[in-house]
Amino acid sequence: MPIEPRPLPCAPAAFVPHLAPEQVERHRQAQQRTLDALDALRDAGDDDAAPDLVRLAVEARGALAAHAAQAWAEEFHWAALGPARGDEPGEPGGALAAAIQQAFGDPARMRERFAEAAGRLSGPGWLWLAQRRDGRLAILATPASATPLTGGDTPLLACCLWPHAMPEGDDALARYLAGFWALVDWQVVEARLDRAREASRAGAGPG
């Protein structure tokens, strides 16, 4: 059974003005192409069970693992975004805010570190806010379809830096990141942090 992308957390028009509808459509088309390629490699046939993308990303090899990782990262990226709530970035709260303060000083410095990491990434890839094994937060940049799933870090937030996600024109990266931060749903990210900490206390691995 072919894999279908999960629905967006809101209607594409709700991302305006930070993501234009045509930008969302271009991104979703690229996401569908990844799923089509993954289906072709899986030879899904009549199997009704949806694949475990995390398991495939971690345990498979070659193109199958790469497509599974990219498909999972795309879903993870969209799931933490929400409707536009103004021009300014939202602010995290609770335990997440405390962890960000400990790791970066404040959310503004975290966003600066994200931009710095994005500027150093050569070619397409991903930016991540992740929890390290010691519980501290860190910013990671991974090339192409690489994700933190195959290491010891637990991803909390993903930002797609593939061309299909980017706007066109001058200062595209700066405008894209500003729009991204204005759409992040910090409650989703905080819930992921809570689950990661519960898993750590229970002795479970990342992911």
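Numbers for the structure displayed
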| read-out | value |
| --- | --- |
| Region 13-26 - residue that is in contact (Cβ under 8 Å) with a residue 40 or more places away in the chain and in contact with a Leu (Cβ under 8 Å, 6 or more places away or on another chain) and, of those, least open to solvent (accessible area, probe 1.4 Å) | PHE15 |
| Residue count for region 119-129, restricted to those that are open to solvent by 10 Å² or more (accessible area, probe 1.4 Å) and closer than 19 Å to TRP78 by Cα | 1 |
| Odd one out for ARG132, checked against (1) more than 27 Å from CYS10 (Cβ to Cβ); (2) open to solvent by less than 50 Å² (accessible area, probe 1.4 Å) | (2) |
| Residues being on the phi > 0 side of the Ramachandran plot and either surrounded by 12 or more Cβ atoms within 10 Å (Cβ to Cβ) or among the aliphatic types (A, V, I, L, M) (or both) - total across region 77-98 | 1 |
| Output for region 188-205, where each listed residue is closer than 23 Å to PRO9 by Cβ and either in contact (Cβ under 8 Å) with a residue 40 or more places away in the chain or surrounded by 15 or more Cβ atoms within 10 Å (Cβ to Cβ) (or both) | VAL188, VAL189, GLU190, ARG192, LEU193, ASP194, ALA196 |
| CYS10, sole failed condition from (1) modelled with pLDDT of 95 or more; (2) assigned to a helix (DSSP H, G or I) | (2) |
| Number of positions in region 152-187 that are closer than 24 Å to ARG33 by Cβ, open to solvent by 30 Å² or more (accessible area, probe 1.4 Å) and hydrophobic (A, V, I, L, M, F, W, C) | 3 |
| Residues being in contact (Cβ under 8 Å) with a residue 40 or more places away in the chain and either among the aromatic types (Phe, Trp, Tyr) or in a helix (DSSP H, G or I) (or both) - total across region 166-186 | 10 |
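The values are calculated or read from the model by the stated rules, or taken from the named source; none is laboratory data. Just so it is clear, the structure is predicted and the values come from calculations on it, not from any experiment. FYI the Cβ positions are ideal-geometry reconstructions off the backbone, even for glycines, and counts take in every protein chain you see. Side chains included, ligands, DNA and RNA excluded: accessible areas come from the protein's heavy atoms. Shrake-Rupley method; radii C 1.70, N 1.55, O 1.52, S 1.80 Å.
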